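Accompanying notes for the structure given below.
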Amino acid sequence: MKILKIFAGIMFPAMIMASCAEKELMPGPGAESGADPVVESKLIFTSENAARGSLLVYFSAEAVSHVENSAMTRSDEGPSTRSGISGLDAVLAGAGVTSVERLFPVDERNEKRTRAAGLHRWYMVKFDESADLDKVARAVAGFSEVSNVEFCQKVEMEGTGKVVPFSEGGAVTRTDGADFNDPMLGNQWHYINTGDTDIYSGIREGADVRCEEAWKLCTGDPRVVVAVVDDCVQWDHPDLAANMWTNSGEIAGNGIDDDGNGFIDDVHGYNFVNNTVLTITSGDEGVHGTHVAGTVAAVNNNGTGVCGVAGGSGNGDGVRIMSCQIFQGETGGSTAATARAIKYAADNGAAIIQCSFGYTAGAAGGITSDTAFEQGVSAEKQAIDYFIGTRNCDAVNGGIVIFAAGNDLTGMSAYPGAYQDYISVTAISCDYTPACYTNYGPGCNIAAPGGDQYQSLLETNYNSSASGVLSTITSGRYGYLHGTSMACPHVSGVAALGLSYALQTGKTFTREQFNSILLSSVYGINEYCTGSKRYVNDFGQLTTLTLSRFRGLMGTGAIDAYQVLMNIRGTTCIPVSASSQSQIRVADYIGDGNAQISLTSAEISAADKANLGITSDPVIFGDNILVSCSKVGSGIMTVTFRAGTNSGSGMFGKTVTKEFALVSRASHSDNGGWL
């Protein structure tokens, strides 16, 4: 299998003023030796993984007004090639400058906030790609009017494995599980895993995101917008079109920026690679963003294809997908495109950014610490900070940032996802085990199903694709992929479902509270991080992976959509065993665990008994409730107790009724499922 990883720079205009070989580069003041400590302190990142022929320049607050006046352009003049700072303009001319333009276009609706955040001070400078990037950067940094110079880093798409169209993936394996009529839902084990061995002999029931019970409470809400920062989402895919975000202020195809947000014809999003309308790449190279989008919000219950985690109920109530394109085939994936895309998401209504990309984890010269990522505060980080500080959903006071951890089988998360303010997602297979490609360790926050096609290649009588993640792909098709790219949108989808439920129940949270709900609404996978598993690697070689390397390093556990909704609702979740009788001391879940109460009843509805495999009513035994479940599932137990009673006093206390969510697992640890 070919690993789908794309490193690509930005395509720049073919017209170059002059080759650097023909011009002498003028150094900036104090930058002649290239070792001036002041100059070096202004450099953000290195040139090792940077796009050629461009730099991001952060001008000082005092100098930026001169730059703004000089860089103003008219449509008949083309891009500006001057900064208005004479010495700097000489340096740029020597490098064969082709443009000096503001990184973030003017959006009059948000210009005040943009300037308050200092984002108007970022400019992209483009020049001859043959120029010595380090020399140009140091020369530019030598000017006092320049606060920082950023090497425009390349980022990689965190997808892996071969795209397998659904037509090659076999027939539907089952149809039970949810009241939706989408014909391929039976193959989406990552939502509802019944342990169907037609998928893979080693599959285990319950290794999913627990959609079945969550969907009974909420399926989405169009007031929640998720920005898919990726390659282009096929906006007219039959299973996505109804859930695409639409810019109501823009008229498609008229070549005019109707709403004045700085982008022309941005109807469902924008192409930040080439600064043009969304552009779908033909063939399998362009499927990634559409696959990710389908996991978040393919339209549910429309009699077509697959389901999405927050795709609604078929009544126009799914969350909305905004396509923020930073890859185009083998082009794109730069910090400049990423920064613009994320600010656009903030300015145009997104509450969540779904980011299945990053820098190679732990690579030589790469970013390996929060301090390194914070260095100088890059344009990308400033854009994410701006997004975090933007409230686009009434249920939460800021933006939610979710990244894939990376597919390098490396003991740390890739950046930016590893950064402390963002959520980084690792991947598990359909048998709870860590996927054979997933990163793990420092910076990794939570796990989700990403599939593991390599593992099931061992069984020639099984279709290897079926253990991958099934979702939408381009040309109106469906297909399987696996990777932390596929795990990440499960968490983004659950987050969108959580915000939808919060809106519908009138709950509000700070973003810290909401992130805490996501990261604590998990089931344990630590017990599966023992022994080893075999898989077939990219070279067709049989490989053994020791699973203990992942123990305690996959994040808090695997995301559980039902628990997320229960925690938003304020209902305490109690883990119970699906294979033996559980003894529940209710007082442990009230206050500090020492509540003085007297139990009077415990009731579970017939439907929830069926979900949990309970054949007899709960039994009260002293201070405990005894429950015997035989199925993996979830349900509500309503408990009535008295507070303030005193046996024999004739004083009966206050009757209290409280609901608890029973979450049945194949097994559970005493620590409530945390790793």
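The values are calculated or read from the model by the stated rules, or taken from the named source; none is laboratory data. None of these values were measured; they are calculated from a predicted model. Cβ atoms come from the backbone with ideal geometry, glycine included; neighbour counts cover every protein chain shown. In case anyone asks, the SASA skips ligands and DNA or RNA and just uses the protein heavy atoms, side chains included. Shrake-Rupley method; radii C 1.70, N 1.55, O 1.52, S 1.80 Å.
Of all residues in the range 545-561, those satisfying the criterion of being in a helix (DSSP H, G or I) and either among the acidic types (Asp, Glu) or open to solvent by less than 10 Å² (accessible area, probe 1.4 Å) (or both) are Leu547, Phe550, Ala561. Output the residues belonging to the range 562-576 that are not in a loop (DSSP other than H, G, I, E, B) and not basic (Lys, Arg). Once the filter is applied, which keeps residues that are not in a loop (DSSP other than H, G, I, E, B) and not basic (Lys, Arg), the range 562-576 yields Tyr562, Gln563, Val564, Leu565, Met566, Asn567, Ile568, Thr572, Cys573, Ile574, Pro575, Val576. Considering Gly441, Gly406, the condition of being in a loop (DSSP other than H, G, I, E, B), on the phi > 0 side of the Ramachandran plot and touching a Leu at 6+ places or on another chain (Cβ under 6 Å) is satisfied by Gly441 alone.
Listed by first and then second residue, the pairs with beta-carbon distance under 6 Å, at least 6 apart or on different chains, first residue in the range 387-402 and at pLDDT 95 or above, second hydrophobic (A, V, I, L, M, F, W, C) and open to solvent by 10 Å² or more (accessible area, probe 1.4 Å), are Ala395/Leu503; Val396/Phe509; Gly398/Ile388; Gly399/Ile388.
Scanning the range 128-150 for residues that are of a type in the set (Asp, Glu), open to solvent by 20 Å² or more (accessible area, probe 1.4 Å) and part of a loop (DSSP other than H, G, I, E, B) yields Glu129, Asp132, Glu145. Figure legend. Inter-residue proximity from the range 609-625: first residues modelled with pLDDT under 90, second residues open to solvent by 70 Å² or more (accessible area, probe 1.4 Å), beta-carbon distance below 6 Å, spacing 6+ or different chains. Indicated pairs: Asp623/Arg585.
If only residues of the range 577-627 that are in contact with a helix residue (DSSP H, G or I) (Cβ under 7 Å, 6 or more places away or on another chain) and outside any loop (DSSP other than H, G, I, E, B) are counted, the one that is least open to solvent (accessible area, probe 1.4 Å) is Ile625.
Within the range 369-394, if we keep just the residues that are touching a Gly at 6+ places or on another chain (Cβ under 8 Å) and assigned to a loop (DSSP other than H, G, I, E, B), the residue that is surrounded by the fewest Cβ atoms within 10 Å (Cβ to Cβ) turns out to be Arg391.
When Ile353 is tested against the conditions (1) at pLDDT 95 or above; (2) open to solvent by 10 Å² or more (accessible area, probe 1.4 Å), the lone failure is (2).
Here the range 471-512 is the region considered, the condition is being surrounded by fewer than 24 Cβ atoms within 10 Å (Cβ to Cβ) and in contact with a Pro (Cβ under 6 Å, 6 or more places away or on another chain), and the residue that is farthest from Ala558 (Cα to Cα) is Gly476. The set of residues in the range 280-327 being open to solvent by 40 Å² or more (accessible area, probe 1.4 Å) and under 22 Å from Tyr344 (Cα atoms) consists of Ile280, Arg320. Filtering the range 227-242 to residues that are assigned to a strand (DSSP E or B) and closer than 15 Å to Ala345 by Cβ leaves Ala227, Val228, Val229, Asp230.
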